[in-house]
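This report concerns only the one structure given below.
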Amino acid sequence: MKTQHMYVSTITRSVILLLLFSTIAFAQEEKKTVNDTLVYKQKYGLRVGADISKLARTFFDDNYTGFEIMGDYRLTKRIFIAGEIGNEERTLEYEYIDNTTKGSYFKGGVDINFYKNWLDMENLIYTGFRVGASTFNQTRNSYTIYDVNNQYWDEPYSVEESQDFDGLTALWAELQVGLKAELFNNFFAGINVQLKFLISEKEPNNYENLYIPGYNRTYDSSKFGSGFGFNLSYLVPIFKKDKIVIQEKQVED
């Protein structure tokens, strides 16, 4: 009886092991990887907008008036033709000089998008390159002569008669870094910072350009300038191109 009992136990263990191995083998059934191709439509068109920061500054700053219209057109998946056009009037008031600059400017170049959008998104994180040109005039409203030899005894001599300087120009190169995010369908908000290098400028005789529209404030010892912008824009779709996304997934063989 003992031998028969051991024989039955051995058979039972064998059956259990067989069922166990069968379950594991079934659970680990060979799978294969296949590619699933998804097609999305990417929009190509003209995006136009305005620099809201200049409009806000016009409202809050009594010494500034300006606007800027911006636009870009998509050439390829990553490259956009881009540009800005605007007008500014800026009064600088210092202790010894009061100066007003008025004029227009144009900037043109390209933006390169480095952001890889997910599915059908249209956001941008970009680097932009521009060449800017401005035509403007300056009015020296008043100035004060400061005598360093008699600064403690003589009163400064002030001239209140204004003088105009017309036909002034400037040319500069500009690097932009920024982003544009789609808030809802075709409507974007963007922000950018700008580093500028002054290539050339026409200055008045015995005077200098204190401010250049589109370039901003100038400084005697440097050819570099800076700026920033916050814009809202709308994309006008002209046509669409397929964006093919290949996704891998596993299926049972």
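The values are calculated or read from the model by the stated rules, or taken from the named source; none is laboratory data. Since this is a predicted model, take the numbers as computed values, not measurements. Note: ideal-geometry Cβ built from the backbone for every residue, glycine included; neighbour counts use all protein chains shown. These area figures cover heavy atoms from the full protein model, side chains too; ligands, DNA and RNA do not enter into them. Shrake-Rupley method; radii C 1.70, N 1.55, O 1.52, S 1.80 Å.
Residue-wise test of (1) touching a Leu at 6+ places or on another chain (Cβ under 7 Å); (2) surrounded by 12 or more Cβ atoms within 10 Å (Cβ to Cβ); (3) of a type in the set (D, E, K, R); (4) closer than 26 Å to Gln42 by Cβ.
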residue	(1), (2), (3), (4)
Val177	no, yes, no, yes
Thr218	yes, yes, no, no
Lys223	yes, yes, yes, no
Phe239	no, no, no, yes
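For the stretch 194-213: of the residues being outside any strand (DSSP E or B) and in contact with a Phe, Trp or Tyr (Cβ under 7 Å, 6 or more places away or on another chain), which is most open to solvent (accessible area, probe 1.4 Å)? Walk me through how you get there before you give the answer.
Start the filter on the stretch 194-213 by keeping residues that are outside any strand (DSSP E or B), which leaves 202-210, 213.
Adding the requirement that they be in contact with a Phe, Trp or Tyr (Cβ under 7 Å, 6 or more places away or on another chain) leaves 204, 207, 213.
Details: Pro204: 15, Tyr207: 36, Pro213: 1 Å².
Checking each candidate, the answer is Tyr207.
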- Message: Only one of Leu183, Leu179 is assigned to a strand (DSSP E or B), touching a residue at least 24 places away in the same chain (Cβ under 8 Å) and more than 25 Å from Thr144 (Cβ to Cβ). Can you tell me which?
- Response: Leu179
- Query: Of the residues Phe230, Phe184, which single one is open to solvent by 20 Å² or more (accessible area, probe 1.4 Å), out of contact with any Phe, Trp or Tyr (no Cβ under 9 Å at 6 or more places or on another chain) and either at positive phi or at pLDDT 95 or above (or both)?
  - Reply: Phe230
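Would you confirm, using the coordinates I've provided, whether Thr144 is among the polar types (S, T, N, Q), more than 28 Å from Lys41 (Cα to Cα) and at pLDDT 95 or above? Don't jump to the end; show me each part of the working.
Values: among the polar types (S, T, N, Q): yes; more than 28 Å from Lys41 (Cα to Cα): yes; at pLDDT 95 or above: no.
It is false that Thr144 is among the polar types (S, T, N, Q), more than 28 Å from Lys41 (Cα to Cα) and at pLDDT 95 or above.
Here is a yes/no grid of residues against (1) loosely packed, with under 14 Cβ neighbours inside 10 Å; (2) hydroxyl-bearing (Ser, Thr, Tyr); (3) in contact (Cβ under 8 Å) with a residue 60 or more places away in the chain; (4) not in a loop (DSSP other than H, G, I, E, B):
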| position | (1), (2), (3), (4) |
| --- | --- |
| Asp98 | no, no, no, yes |
| Lys102 | no, no, yes, yes |
| Lys107 | no, no, yes, yes |
| Lys116 | yes, no, no, no |
| Met121 | yes, no, yes, no |
| Tyr126 | no, yes, no, yes |
| Val131 | no, no, no, yes |
| Phe136 | no, no, yes, yes |
